[in-house]
Structures are given as structure tokens and as C-alpha cells.
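Student: Let me give you the structure first, and then I'll get to my questions.
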Amino acid sequence: MPASVLACERAVTLMLDIKRLQLGPMANFVYLLAPVDGERLAVVDPGWDAQAILAAAARSERQITDIILTHHHHDHRNAVEALLSAGSARVWVNRGDAEWLGGTGWTSDCQWLSSGDCIELGGAASVQVIGTPGHTPGSQCLLCTTAQGPMLLTGDTLFIDGCGRCDLPGGDPAALYHSLYGMLGDIDGRTQVCPGHDYAPLPQASLAEQRATNPYLHFDSVAAFVGYRMRPRA
């Protein structure tokens, strides 16, 4: 099945079924995306336990056809090689993180994304790509439509009552400010934020709730945000 990516010029309206796994010592969330009317299965940020991911795919009676990364960090991709070895799949990555994946050995399996692209998953279902640099240069969020409403898979860009760190190589707190207040600023508040780690009492929350309670969404200047995000931590 050929890869399919195109510019998103319409709202994503066709349904995906989304299942969430919590795996590994860093409480990573791994998401499985299945078109309601289709046979493909995408795994978002496969980390730590390839066998658990493959078992979840088997329960869905589908084979993994697509791997989507929200960013390049090791804890979000350290099961990619095992999943590729288990069957045919392609890896979708934002081109901003390309240079950080040079030593992985599977970049030939990558399809490179830009903000505004759609990943077509068959059955007329799509995932909209929203580039959100800051945590890494190629961080991206994934906007999906489900029977429960829109869901935004945010990786390490936005957590429940938190946001991604910017003190690792490639991190840029000013870019993260513009991602949070710009690229994500106009998304419908009813959209559910589905982060890349289980760092809060609840695994997800609406964007409207996060705009009310998340301290990182309450700054009116880049300088103030950067000062708070980069403050010394105990």
C-alpha cells in the first residue's frame, strides 16, 4: 500500500478509534489509531515494550501499518526497530527532527512530514499534522476525530497542567511559546488533550480545561514564558 500524505485543506471529519497504552519506566502513553472504516493500524510513539504493542494490535485483529512519531526522543521511539522487524510498516516523522535520527538505521522507512500535512490511513480517515517546535525542532501534534469528539495527541509539547522541557539539545522555549499560543491557540476548546506521558491525575483533559488550569498557558509574553519554563528546578 503506497504512502499517502497531502496538505490538509479541510477539517478532519472521518472517524478513528483510539486506544491508549501506558508503557515503560517513564509512564509513556502509546496510542493505537484505527480507522473505523478501514484495515490499517497506526501506532503513535512506540516506546519500551514492542510485545505489548503487538499484543494490543493482535487484539484489534489488525497488523501495524504505520508508525507516527510526535518527536525523536528515545523514549518515544525505542520500540520502532522491533515493530518494523515484526512486519511491514512506514514511519512518519516531522522533517524538523530528521537530523536527530541519523543513527537509527531505519530512516529509509521514514516519510517526512511538515505542519499542515495529513496522514491518510485508509477508509477515508486522516490524521492532521500540526507542527509544534520547541521541545524538539520537529515536535508535532496530531489532530484526530473520534466518536467521542476531536482528540489532540500532543507528545511532549503539552501535558496535563504542564508542557515539555526545553533544556535538552534542540530545545527552544521561545519556539514552544509560539507553538502553544500560536499553532494550538485556535483549536476548539472541546478538543481532548492526549499527552505523551502519564504525569497527572487524569490521562487527558479538554483544551478548554487546560487553558484554565495549565500554568504554562497563562503568559502574555515570550519573555515571561521563557523565564518560567527555564527556571531552575530542584
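Student: Which of (1) farther than 22 Å from Phe159 by Cα; (2) surrounded by fewer than 22 Cβ atoms within 10 Å (Cβ to Cβ); (3) touching a residue at least 60 places away in the same chain (Cβ under 8 Å) does Gln128 not meet, given it meets every other one?
Tutor: Against the list (1) farther than 22 Å from Phe159 by Cα; (2) surrounded by fewer than 22 Cβ atoms within 10 Å (Cβ to Cβ); (3) touching a residue at least 60 places away in the same chain (Cβ under 8 Å), Gln128 comes up short only on (1).
Student: Based on what the data block shows, is Ala57 modelled with pLDDT of 90 or more and small (Gly, Ala, Ser)? Full working, then the answer.
Tutor: Working: modelled with pLDDT of 90 or more: yes; small (Gly, Ala, Ser): yes.
Yes; evaluated as a whole, the condition is true for this residue.
Student: Quick one: is Gly149 surrounded by fewer than 19 Cβ atoms within 10 Å (Cβ to Cβ) and at positive phi? Spell out how you get there, then give the answer.
Tutor: Values: surrounded by fewer than 19 Cβ atoms within 10 Å (Cβ to Cβ): yes; at positive phi: yes.
So Gly149 passes the test.
Student: Among the residues of the range 47-99, what is the count of those that are farther than 17 Å from Gln22 by Cα and of a type in the set (Phe, Trp, Tyr)?
Tutor: 1
Student: For the range 29-41, state whether one or more residues are within 13 Å of the chain's Cα centre (by Cα), surrounded by fewer than 23 Cβ atoms within 10 Å (Cβ to Cβ), without any contact (Cβ under 8 Å) to a residue 60 or more places away in the chain and farther than 16 Å from Glu81 by Cα.
Tutor: Taking every residue of the range 29-41 in turn, at least one turns out to be within 13 Å of the chain's Cα centre (by Cα), surrounded by fewer than 23 Cβ atoms within 10 Å (Cβ to Cβ), without any contact (Cβ under 8 Å) to a residue 60 or more places away in the chain and farther than 16 Å from Glu81 by Cα.
Student: With outside any loop (DSSP other than H, G, I, E, B), in contact (Cβ under 8 Å) with a residue 12 or more places away in the chain and surrounded by fewer than 17 Cβ atoms within 10 Å (Cβ to Cβ) as the only criterion, which of Arg165, Arg211, Arg190 stands out? Can you show your working first?
Tutor: On the way: Arg165 fails: outside any loop (DSSP other than H, G, I, E, B); Arg190 fails: outside any loop (DSSP other than H, G, I, E, B).
Result: Arg211 is the single residue among Arg165, Arg211, Arg190 that is outside any loop (DSSP other than H, G, I, E, B), in contact (Cβ under 8 Å) with a residue 12 or more places away in the chain and surrounded by fewer than 17 Cβ atoms within 10 Å (Cβ to Cβ).
Student: So Arg229 clears everything in (1) charged (D, E, K, R); (2) modelled with pLDDT of 95 or more; (3) surrounded by fewer than 18 Cβ atoms within 10 Å (Cβ to Cβ) except one condition, right? Which one?
Tutor: (3)
Student: Going through Leu83, Leu153 one at a time, which residue ends up being out of contact with any His (no Cβ under 7 Å at 6 or more places or on another chain), within 24 Å of Ala50 (Cα to Cα), assigned to a strand (DSSP E or B) and hydrophobic (A, V, I, L, M, F, W, C)?
Tutor: The conditions single out Leu153.
Student: From the list Arg20, Arg77, which residue is under 25 Å from Gly134 (Cα atoms), modelled with pLDDT of 90 or more, surrounded by fewer than 18 Cβ atoms within 10 Å (Cβ to Cβ) and within 19 Å of the chain's Cα centre (by Cα)? Break it down into steps so the answer makes sense when it comes.
Tutor: Working: Arg77 fails: surrounded by fewer than 18 Cβ atoms within 10 Å (Cβ to Cβ).
Sole residue among the options that is under 25 Å from Gly134 (Cα atoms), modelled with pLDDT of 90 or more, surrounded by fewer than 18 Cβ atoms within 10 Å (Cβ to Cβ) and within 19 Å of the chain's Cα centre (by Cα): Arg20.
Student: Here is a further query. Output the number of residues of the range 90-125 satisfying the condition of being of a type in the set (A, V, I, L, M), touching a strand residue (DSSP E or B) at 6+ places or on another chain (Cβ under 6 Å) and free of Cβ contacts under 8 Å to residues at least 40 places away in the same chain. Quick ask: steps written out before the conclusion?
Tutor: Of the residues in the range 90-125, the ones of a type in the set (A, V, I, L, M) are 91, 93, 98, 101, 113, 119, 121, 124-125.
If we keep only those that are touching a strand residue (DSSP E or B) at 6+ places or on another chain (Cβ under 6 Å) too, we end up with 91, 93, 113, 119, 121, 125.
Checking which are free of Cβ contacts under 8 Å to residues at least 40 places away in the same chain leaves us with 91.
Summing the residues that are of a type in the set (A, V, I, L, M), touching a strand residue (DSSP E or B) at 6+ places or on another chain (Cβ under 6 Å) and free of Cβ contacts under 8 Å to residues at least 40 places away in the same chain in the range 90-125 gives 1.
Student: Still on this structure, please answer the following. Name every residue in the range 89-123 that is assigned to a loop (DSSP other than H, G, I, E, B) and either surrounded by fewer than 17 Cβ atoms within 10 Å (Cβ to Cβ) or over 14 Å from the mean Cα position of the chain (by Cα) (or both), in order of residue number. Step through it out loud before you land on a result.
Tutor: Here is the first cut: in the range 89-123, the residues assigned to a loop (DSSP other than H, G, I, E, B) are 89, 102-106, 114-116, 121-123.
Within the range 89-123, Ala89, Gly102, Gly103, Thr104, Gly105, Trp106, Ser114, Gly116, Leu121, Gly122, Gly123 qualify.
Student: Would you point out the residue of the range 45-69, among those that are out of contact with any helix residue (DSSP H, G or I) (no Cβ under 9 Å at 6 or more places or on another chain) and among the β-branched types (Val, Ile, Thr), that is surrounded by the most Cβ atoms within 10 Å (Cβ to Cβ)?
Tutor: Restricting to residues being out of contact with any helix residue (DSSP H, G or I) (no Cβ under 9 Å at 6 or more places or on another chain) and among the β-branched types (Val, Ile, Thr), the top hit is Ile68.
Student: Report, by residue number, each residue of the range 24-40 that is of a type in the set (A, V, I, L, M) and either out of contact with any helix residue (DSSP H, G or I) (no Cβ under 6 Å at 6 or more places or on another chain) or within 24 Å of Asp188 (Cα to Cα) (or both).
Tutor: Here is the first cut: in the range 24-40, the residues of a type in the set (A, V, I, L, M) are 26-27, 30, 32-34, 36.
If the condition is that a residue be of a type in the set (A, V, I, L, M) and either out of contact with any helix residue (DSSP H, G or I) (no Cβ under 6 Å at 6 or more places or on another chain) or within 24 Å of Asp188 (Cα to Cα) (or both), then Ala27, Val30, Leu32, Leu33, Ala34, Val36 are the ones that fit.
The values are calculated or read from the model by the stated rules, or taken from the named source; none is laboratory data. Note that the structure is predicted; figures quoted are calculated from it, not measured. Cβ coordinates were reconstructed from backbone atoms using ideal geometry, including for glycine residues, and neighbour counts include every protein chain displayed.
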